[in-house]
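Have a look at the structure below before the remarks.
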Amino acid sequence: MEQKVYVIGIGPGAYEEMTIRAVKALKECDVIIGYTVYVDLVKEHFPGKRFLTTPMTWEVKRCEMALREAEAGQVTAMICSGDAGVYGMAGLMYEMREHMGLGGVKITVIPGITAATAGAARLGAPLIHDFAVISLSDLLTPWEQIEERLRDAAKGDFAVCIYNPSSRKRADYLRRACDIMLEYRSPDTVCGYVRQIAREGEEQHLMTLAQLKDTTTDMFTTVFIGTSRTRRIGEAMVTPRGYHYGTND
């Protein structure tokens, strides 16, 4: 009896932004497991499947459920928003398989479009050169470490994509991150954010770093802070990579 579990990145939200490989794998599955919000995004597209959900912060329980279903012979999918290997469940699934002694369960990770690339496409081309992705959630990472990573990215003049910029308990975290950036970058640095990427109510905005500091965001917002060379071209946020053009040389 084959024991198989897929860990699938379903992309930012819209069915059309899922990869063909992800759709094929979900059609193959008997059971689809995930955080309630993510399951609701895909449920209508995969009729006849058995769906299991848990609330936010129950990640360990979800992995345990998925591995037990696979152990019982059910072809199982654990779905994640964005990419399963970028702030997703892929790593925890491998850890839990080892912890539960279920080495016979085969894990296949299927990538998806993560918020960094999906949001960047909405704004233009802010991540064309070297960039860093940093989550401001201190649920699993101490703020002191997050602050150190922000400062290192600012010193290195990386474009920065910020996940989880704020929440009810972390209302001032984006402001604090911007204060760190302002130690190394101009207040006029081009920035932007996209909210509810590929979902109902999507919105995107460009602004300066000074304006971003006073912007209200939430857990469904992805923030982009430009480098010293990032600029606005029309309505797009663009980080030049350094190509030479405009001459015949």
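The values are calculated or read from the model by the stated rules, or taken from the named source; none is laboratory data. Because the structure is predicted, anything quoted here is derived from the model rather than measured. All Cβ positions, glycine included, derive from the backbone under ideal geometry; neighbour counts span all protein chains shown. Surface accessibility is based on the protein's heavy atoms, side chains included, excluding ligands, DNA and RNA. Shrake-Rupley method; radii C 1.70, N 1.55, O 1.52, S 1.80 Å.
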Practice problem: Scan the range 213-235 for residues that are assigned to a strand (DSSP E or B) and either under 17 Å from LYS155 (Cα atoms) or among the charged types (D, E, K, R) (or both) and report the count. | Solution: 4
Self-check item: When residues of the range 215-249 are limited to those that are among the aliphatic types (A, V, I, L, M) and in contact with a strand residue (DSSP E or B) (Cβ under 8 Å, 6 or more places away or on another chain), the one surrounded by the fewest Cβ atoms within 10 Å (Cβ to Cβ)
Solution: ILE233
Quiz item: Yes or no: ALA84 open to solvent by less than 50 Å² (accessible area, probe 1.4 Å), touching a Pro at 6+ places or on another chain (Cβ under 7 Å) and not in a strand (DSSP E or B)?
Solution: yes
Exercise. Would you mind finding the one in ALA177, ALA210, ALA153 that is among the small types (Gly, Ala, Ser), farther than 30 Å from TYR38 by Cβ and either at pLDDT 95 or above or part of a strand (DSSP E or B) (or both)?
Key: ALA210
Quiz item: Restricted to the range 54-72, and to residues that are free of Cβ contacts under 8 Å to residues at least 60 places away in the same chain and assigned to a helix (DSSP H, G or I), which residue is farthest from ALA14 (Cα to Cα)?
Solution: ARG68
Quiz item: Which of the residues spanning the range 54-80 are at pLDDT below 95 and hydroxyl-bearing (Ser, Thr, Tyr)?
Solution: THR54, THR57
Quiz item: Under 6 Å by Cβ, and 6 or more places apart or on different chains, what pairs join a residue from the range 165-176 that is touching a residue at least 12 places away in the same chain (Cβ under 8 Å) with one that is open to solvent by 40 Å² or more (accessible area, probe 1.4 Å) and of a type in the set (D, E, K, R)?
Solution: ARG175/LYS213
Practice problem: Kindly provide the set of residues from the range 100-139 that are of a type outside the set (A, V, I, L, M, F, W, C), farther than 28 Å from ALA70 by Cβ and not in a loop (DSSP other than H, G, I, E, B), ordered by number. | Solution: THR117, GLY119, ARG122, GLY124, SER135
Quiz item: Quick one: in the range 1-53, which of the residues that are in a strand (DSSP E or B) and hydroxyl-bearing (Ser, Thr, Tyr) is least open to solvent (accessible area, probe 1.4 Å)?
Solution: TYR6
Quiz item: Which of the residues spanning the range 1-21 are within 19 Å of the chain's Cα centre (by Cα) and under 16 Å from MET93 (Cβ atoms)?
Solution: TYR6, VAL7, ILE8, GLY9, ILE10
Quiz item: Are any of the residues in the range 198-212 touching a Phe, Trp or Tyr at 6+ places or on another chain (Cβ under 8 Å), in contact (Cβ under 8 Å) with a residue 12 or more places away in the chain and hydroxyl-bearing (Ser, Thr, Tyr)?
Solution: no
Quiz item: So which of TYR163, TYR173, TYR193 ends up being under 30 Å from MET56 (Cβ atoms) and either among the polar types (S, T, N, Q) or in contact with a His (Cβ under 9 Å, 6 or more places away or on another chain) (or both)?
Solution: TYR193
Exercise. Output the number of residues of the range 1-32 satisfying the condition of being in contact with an Asp or Glu (Cβ under 7 Å, 6 or more places away or on another chain) and not small (Gly, Ala, Ser).
Key: 2
Quiz item: part of a loop (DSSP other than H, G, I, E, B), open to solvent by 70 Å² or more (accessible area, probe 1.4 Å), among the hydrophobic types (A, V, I, L, M, F, W, C) and over 16 Å from THR227 (Cα atoms): does that describe ALA171?
Solution: yes
